[in-house]
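The values are calculated or read from the model by the stated rules, or taken from the named source; none is laboratory data. Nothing here was measured: the structure is a model prediction, and the numbers come from that model. Quick reminder, even Gly has a Cβ in these numbers, built from the backbone with ideal geometry, and neighbours come from all protein chains shown.
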Amino acid sequence: MNTVSVKQAIYNAKFTVIFPAAAIVLGGLFGGVFLVMQDPETPWPFLGGIVGGFVLGWLYWSFAITYWRIWAFENVRNVQDLKRQAVRAKVIWPDGSWLEKTEIRSHEQRETLRKLQRKFNQPDVFHDDLSVPKSTAISHSKGAIIFGLVIMPALAMGTGIYIYLDEGSIAMLLVGVPLSIFLMYQSIKRMRDKQSIVIDAAGILLPKLPFLKWEDIIRAEVIFEQQGKYQQHFLVVETRIHYGKINIGSLNANFEKLEHLLQVYRVRFEKQLPHHR
């Protein structure tokens, strides 16, 4: 009981729910292509394969995800972290969404999930990690700086020069040059700001905000926001007075590492653990 980690549960969902459902959808597509190749003048088998594969794949997900929910919530201790990461990984959908309502559950399964909901009343439990130093400074990644300092300005200026030489239009040249200079300026500013975030057992230091102590922090977590087809990850730190929200896409720490650091340093604060290294 409660012996499965959040990461293991997410992997299990991918291999028992997500990948098989995707395989069913692809199987319908390839089956439709095969049937059309046998009789190119009849497109209906191809359309039937696409629709049938999608419907069967969704039905598989609708049944399988309920079994996974019960298994995961029964065997994972930190169910709140599990649910948050499962939504981010698109294993399940946010509560109340119409996609979440397409999950198929029997009466017994609904009762089991209702009882398991009690676990969400317990706070998640995290442990110290001795490999994490007593303080961590997170800056902008070199790759992101180079991309903004060299590649993006070069593309902006190159596009303006190409259009000017090809069409004789100076308008794009007048736009491309200032834009490339602006992009370089922004990247240089980031290079000067080497330590964007500092985290330790005392609190968190964010740009343009005073040092935020753990005892004053109400909320410190990594969230994601869907922007079109892409997910943007943000670090949100909130006290009764201050609110900080930073896009971590250009930082040299991914959301998993940052979440782990937040958990470790909060544990050290709460348990007053001695600093390591």
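In the stretch 33-75, how many residues are of a type in the set (A, V, I, L, M), modelled with pLDDT of 85 or more, more than 30 Å from T3 (Cβ to Cβ) and surrounded by 14 or more Cβ atoms within 10 Å (Cβ to Cβ)?
Residues meeting the conditions: 3.
Could you tell me how many of the residues in the stretch 244-266 are part of a loop (DSSP other than H, G, I, E, B) and over 25 Å from D128 (Cβ atoms)?
2
Being outside any strand (DSSP E or B), touching a residue at least 40 places away in the same chain (Cβ under 8 Å) and within 22 Å of Q122 (Cβ to Cβ) narrows it down to one of W61, W68, so name that one.
W68
If you go through the stretch 20-65, how many residues are under 31 Å from the mean Cα position of the chain (by Cα) and β-branched (V, I, T)?
Total satisfying the criteria: 6.
For the stretch 52-86, name all the residues that are of a type outside the set (D, E) and farther than 18 Å from I18 by Cα.
N75, V76, R77, N78, V79, Q80
Name, by its number, the condition in (1) surrounded by 13 or more Cβ atoms within 10 Å (Cβ to Cβ); (2) out of contact with any helix residue (DSSP H, G or I) (no Cβ under 7 Å at 6 or more places or on another chain); (3) at pLDDT below 95 that does not hold for N78.
Condition (2) is where N78 drops out.
Scanning the stretch 125-140 for residues that are surrounded by 16 or more Cβ atoms within 10 Å (Cβ to Cβ) and either farther than 22 Å from S5 by Cα or assigned by TED's automatic domain parsing to the domain that holds K257 (or both), which turns out modelled with the lowest pLDDT?
H140
Could you list, in sequence order, all residues of the stretch 81-96 that are closer than 16 Å to W58 by Cα and either assigned to a helix (DSSP H, G or I) or modelled with pLDDT under 90 (or both)?
The answer is K90, W93.
Out of all the residues in the stretch 102-123, is one or more under 24 Å from the mean Cα position of the chain (by Cα), at pLDDT 90 or above, over 17 Å from N75 (Cα atoms) and among the charged types (D, E, K, R)?
yes
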